[in-house]
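Remarks on the structure that follows.
The values are calculated or read from the model by the stated rules, or taken from the named source; none is laboratory data. If you're wondering where the values come from, they're calculated on a predicted model, not measured in any experiment. All Cβ positions, glycine included, derive from the backbone under ideal geometry; neighbour counts span all protein chains shown. Just the protein is used for accessible areas: all its heavy atoms, side chains included, with ligands, DNA and RNA removed. Shrake-Rupley method; radii C 1.70, N 1.55, O 1.52, S 1.80 Å.
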Amino acid sequence: DTAVSQTPKYLVTQMGNDKSIKCEQNLGHDTMYWYKQDSKKFLKIMFSYNNKELIINETVPNRFSPKSPDKAHLNLHINSLELGDSAVYFCASSPPGQGGDTQYFGPGTRLTVL
Amino acid sequence: AQSVTQLDSHVSVSEGTPVLLRCNYSSSYSPSLFWYVQHPNKGLQLLLKYTSAATLVKGINGFEAEFKKSETSFHLTKPSAHMSDAAEYFCVVSDPPGGTSYGKLTFGQGTILTVHP
């Protein structure tokens, strides 16, 4: 299936741990994004990469580090997890030529920090 | 800066009656506007988008939205609600081309649509 996929779907961990969320798209898109959806369902962009280059970096703690090994993958690594990091994290991608504005979202990863 | 305001946090309708979800936007430029839908425990799905072509935009599942520049609005409508329409709906504006944050989507607060039998 052509899609944006994320793993894992659920992640439960202890405060202070380091964890990664993986995102892959097989749509041939150039640009990928990470969004955070908090407990009030508010969605906010965190990062954007275009052809493995960082282009959007919102005010996100340094504990969050995106890594793009190739243009089909954008992984999110989080160090020293805190309670406030609990949220649903969505990966998205957008195709070339559409100006980055039509974005296709993955199913989300629900992170719970205990 | 771009922003969107969804005027209702909850909308409740009966099956078969019209749906209206309201959204106002603020933009210094001619905006790109979108509606996304999120079903419970699911990801986000694009319903429709406006990018300065026709002001009345038709989307999937019978939804449509009308861009009204004079009112800075982009309300989402559907003539007849189905039970399967129950979800949360997000109005979204995109940063314009040419800037360093091109592609950045700014989401509204969301409107939860409940459909009663």
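Remarks
- Test: residue in segment B:25-46 that is open to solvent by 50 Å² or more (accessible area, probe 1.4 Å), modelled with pLDDT of 95 or more and touching a Ser or Thr at 6+ places or on another chain (Cβ under 6 Å): no
- Matching entry among B:SER101, B:SER80, B:SER70 (being more than 21 Å from A:VAL4 (Cα to Cα), modelled with pLDDT under 95 and surrounded by fewer than 17 Cβ atoms within 10 Å (Cβ to Cβ)): B:SER70
- Taken over segment A:66-107, the residue count meeting the criterion of being open to solvent by 20 Å² or more (accessible area, probe 1.4 Å), over 15 Å from the mean Cα position of the chain (by Cα) and within 27 Å of A:SER39 (Cβ to Cβ) is 4.
- Members of segment A:35-53 found to be open to solvent by 60 Å² or more (accessible area, probe 1.4 Å) and either in contact with a Cys (Cβ under 6 Å, 6 or more places away or on another chain) or among the hydrophobic types (A, V, I, L, M, F, W, C) (or both), listed by number: A:PHE42
- B:TYR89 fulfils the conditions (1) at pLDDT 95 or above; (2) open to solvent by 40 Å² or more (accessible area, probe 1.4 Å); (3) within 15 Å of B:LEU44 (Cβ to Cβ) except for a single criterion, (2).
- Hey, A:ILE78 among the β-branched types (Val, Ile, Thr), under 19 Å from B:VAL93 (Cα atoms) and in contact (Cβ under 8 Å) with a residue 12 or more places away in the chain or not: no
- Note on segment A:13-34: among residues that are surrounded by fewer than 18 Cβ atoms within 10 Å (Cβ to Cβ) and aliphatic (A, V, I, L, M), the one that is farthest from the other protein chains (Cβ to nearest Cβ) is A:MET15.
- Count of segment A:25-48 residues which are modelled with pLDDT under 85 and under 24 Å from A:PRO96 (Cβ atoms): 0
Quick grid of which residues meet (1) closer than 21 Å to B:VAL37 by Cα; (2) aliphatic (A, V, I, L, M):
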| position | (1), (2) |
| --- | --- |
| A:ALA3 | yes, yes |
| A:ASP18 | no, no |
| A:GLU24 | no, no |
| A:MET32 | yes, yes |
| A:LEU43 | yes, yes |
| A:ILE78 | no, yes |
| A:ALA92 | yes, yes |
| A:GLY108 | yes, no |
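- Residue satisfying condition, being within 14 Å of another protein chain (Cβ to nearest Cβ), charged (D, E, K, R), over 10 Å from the mean Cα position of the chain (by Cα) and open to solvent by 10 Å² or more (accessible area, probe 1.4 Å), within set A:ARG63, A:ARG110: A:ARG110
- So B:GLY108, is it more than 16 Å from the chain's Cα centre (by Cα), surrounded by 21 or more Cβ atoms within 10 Å (Cβ to Cβ), small (Gly, Ala, Ser) and within 12 Å of chain A (Cβ to nearest Cβ): no
Yes/no per residue for (1) assigned to a loop (DSSP other than H, G, I, E, B); (2) hydroxyl-bearing (Ser, Thr, Tyr); (3) touching a residue at least 40 places away in the same chain (Cβ under 8 Å):
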{"site": "B:GLY16", "(1), (2), (3)": "yes, no, yes"}
{"site": "B:ALA53", "(1), (2), (3)": "yes, no, no"}
{"site": "B:LEU76", "(1), (2), (3)": "no, no, yes"}
{"site": "B:VAL92", "(1), (2), (3)": "no, no, yes"}
{"site": "B:THR114", "(1), (2), (3)": "no, yes, yes"}
